[in-house]
1. Of the numbered conditions (1) open to solvent by less than 20 Å² (accessible area, probe 1.4 Å); (2) closer than 20 Å to ARG64 by Cβ, GLY137 satisfies every one except a single condition; which is it?
2. Suppose we filter SER100, SER71, SER107 for residues that are surrounded by 11 or more Cβ atoms within 10 Å (Cβ to Cβ) and at pLDDT below 85; which single one remains?
3. Using beta carbons and a limit of 8 Å, which pairs, at least six apart or on different chains, have the first residue in the stretch 35-50 and under 11 Å from ILE65 (Cβ atoms) and assigned to a loop (DSSP other than H, G, I, E, B) and the second one open to solvent by less than 20 Å² (accessible area, probe 1.4 Å) and of a type in the set (Asp, Glu)?
4. Yes or no: the stretch 119-129 includes at least one residue that is within 30 Å of VAL7 (Cβ to Cβ), out of contact with any strand residue (DSSP E or B) (no Cβ under 9 Å at 6 or more places or on another chain) and not in a strand (DSSP E or B).
5. Among the residues of the stretch 130-148, count how many are under 18 Å from GLU47 (Cβ atoms) and touching a strand residue (DSSP E or B) at 6+ places or on another chain (Cβ under 8 Å).
6. Just wondering, is there one or more residues in the stretch 11-26 that are more than 18 Å from GLU109 (Cβ to Cβ), more than 16 Å from the chain's Cα centre (by Cα) and crowded, with 17+ Cβ neighbours inside 10 Å?
7. Restricting attention to the stretch 130-147, which residues are of a type outside the set (S, T, N, Q), assigned to a helix (DSSP H, G or I) and in contact (Cβ under 8 Å) with a residue 60 or more places away in the chain?
8. Scan (1) out of contact with any Lys or Arg (no Cβ under 8 Å at 6 or more places or on another chain); (2) at pLDDT below 90; (3) not in a loop (DSSP other than H, G, I, E, B) for the single condition VAL91 breaks and write down its number.
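The values are calculated or read from the model by the stated rules, or taken from the named source; none is laboratory data. No experiment lies behind these values; they were computed from the predicted model shown. Cβ sites come from the backbone with ideal geometry, for glycine too, and all protein chains shown count toward neighbours. Protein only, heavy atoms only, side chains kept; ligands, DNA and RNA dropped before computing areas. Shrake-Rupley method; radii C 1.70, N 1.55, O 1.52, S 1.80 Å.
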Amino acid sequence: KLPETEVFNEEELDCFLEYIYSHYMDNRPVVSLAILLNFQLGARVGELCTLKKSDIDVLNRKIRINRIERSYRPITMVKGQLVEEKTIHVVVEGRTKKDSNRYLDLSDEALLIINRALELQKELGINSEYIFADETGKNIIRQRINDCLRDYCKRISLDPKSSHKVRKTVLSTLFAN
């Protein structure tokens with residue numbers, strides 16, 4: 001793949017972040033805050049959408065990554081035909097993709113984003129253990145984050161990128177610095 005499709009370059013990143021902050025201020029979708037936080041953390045999307053309030057250590061400015069969302073689509077046989085059922089999303093506690101638990105440092109901006117997400121939950125009357133929750137209190141699913149991320153890219157005429165490209169951008173920046 002071409003390198004320019006694998007990460008957000010500086011110009012794209014500035015444009016994208018400006019758009020996301022503006023979009024959040026106008027519409028207040030929690031998914032915008034999740035995307036913004038991931039530009040700070042560089043987490044896997046399945047880890048990001050399962051972050052809980054109890055994972056935050058404000059005093060030490062850290063967040064614990066110790067669970068992930070997994071999804072699957074059951075297939076059943078109906079009258080001799082294979083039929084895909086609705087996708088099932090499961091939160092797996094105590095492990096991530098690489099069976100690791102880790103702590104990530106929280107920047108001032110990351111703490112502000114997390115606080116804004118928690119304030120938004122209060123404003124909307126959402127009672128949830130998750131930092132990024134839907135109106136029922138369940139964690140937002142990773143596909144929603146990816147769909148919104150691609151949609152936001154299209155709105156500002158960027159090549160659509162997934163949350164994994166956000167992760168690669170953050171890790172590339174860390175490595176370069």
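1. Here GLY137 meets the rest and fails (2).
2. SER71
3. Listed by first residue and then by second, the contacts come to THR50/GLU69.
4. yes
5. 10
6. Yes, the stretch 11-26 contains a residue that is more than 18 Å from GLU109 (Cβ to Cβ), more than 16 Å from the chain's Cα centre (by Cα) and crowded, with 17+ Cβ neighbours inside 10 Å.
7. ARG142, ARG144, ILE145
8. (1)
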